[in-house]
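Written below as structure tokens is the structure these notes are about.
The values are calculated or read from the model by the stated rules, or taken from the named source; none is laboratory data. Computed from a predicted model, the values in this text were never measured in an experiment. FYI the Cβ positions are ideal-geometry reconstructions off the backbone, even for glycines, and counts take in every protein chain you see.
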Amino acid sequence: MSHTTIPRSHPRRATGLLMIGIVLAALLVSGWAPRERGTWLLEVVWVLIALPLVLFTRRRFPLTTLLCWLLVVHALVLCYGGHYTYAMTPLGDWARDAFDLSRNHYDRLGHLVQGFVPAILVRELLLRLTPLRPGGWLFVLVSSVCLAGSACFEFVEWGAAVVLGSGADAFLGAQGDVWDTQWDMALALVGSVLAQLSLARLHDRQLGQPSSAARSR
């Protein structure tokens, strides 16, 4: 599939406007009196970068409907965590109290999503920009890229801790867990695997990829 080929399923104008509206509304709401302005910016900067990029390339390189909705969900996760800080989200506090957990685990959800959504993004880029086709090598490469991306994000957190010291605590969200970095990367890897196992067939259909049966002939 050439990079200029339009996927079989991509957002129509009305759907695209709805997606943009959801993301912009989430940014506005989350940016209204966040708990810590600096932490909010560090969390949502990825949305501020990704949204213009997707809009700028939408005609030349439209993304599948599945991927676009996943990016919207990821933006909501980031905006919510950025507003409250990941260690103090009401949703995480509720889960901690309801299930007698030791801490607020919203950041665990965030890192699971950090692997789940990018897995479909990386998968789409590899299928459209390289000779790769669905199969074992694609699965391994997508998982490896997501794990590497998670490791790079941990470097960003490390840099923030070095530069800001205790001022980076809200951004890190470690909550005293010495294994927080390892948990974050492991959950990103799990998320990437789950995304491919659960969404690969739907993704292939939206891309217009041939079925497994057709490829085996």
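If a residue must be in contact with a helix residue (DSSP H, G or I) (Cβ under 9 Å, 6 or more places away or on another chain), among the charged types (D, E, K, R) and over 23 Å from residue 157 (Cβ atoms), how many such residues does region 13-41 contain?
0
Would a scan of region 110-123 turn up a residue that is free of Cβ contacts under 8 Å to residues at least 12 places away in the same chain and farther than 27 Å from residue 60 by Cβ? So that I can check it myself, show each step before the final result.
Narrowing region 110-123 to residues free of Cβ contacts under 8 Å to residues at least 12 places away in the same chain: none.
No, region 110-123 contains no residue that is free of Cβ contacts under 8 Å to residues at least 12 places away in the same chain and farther than 27 Å from residue 60 by Cβ.
If I go through region 12-29 residue by residue, how many of them are farther than 20 Å from residue 77 by Cβ and in contact (Cβ under 8 Å) with a residue 12 or more places away in the chain?
From region 12-29, those farther than 20 Å from residue 77 by Cβ are 12-17; that's our starting set.
Still in the list and also in contact (Cβ under 8 Å) with a residue 12 or more places away in the chain: 15-16.
Qualifying residue count, region 12-29: 2.
Go through region 42-61 and count every residue that is touching a helix residue (DSSP H, G or I) at 6+ places or on another chain (Cβ under 9 Å) and touching a residue at least 24 places away in the same chain (Cβ under 8 Å).
Number of matching residues: 10.
Residue by residue through region 172-189, note down the ones that are in contact with a helix residue (DSSP H, G or I) (Cβ under 6 Å, 6 or more places away or on another chain) and at pLDDT below 90.
Within region 172-189, the first condition is being in contact with a helix residue (DSSP H, G or I) (Cβ under 6 Å, 6 or more places away or on another chain), and the residues that meet it are 172-175, 181, 184-185, 187-189.
172, 173, 174, 175, 181, listed by residue number.
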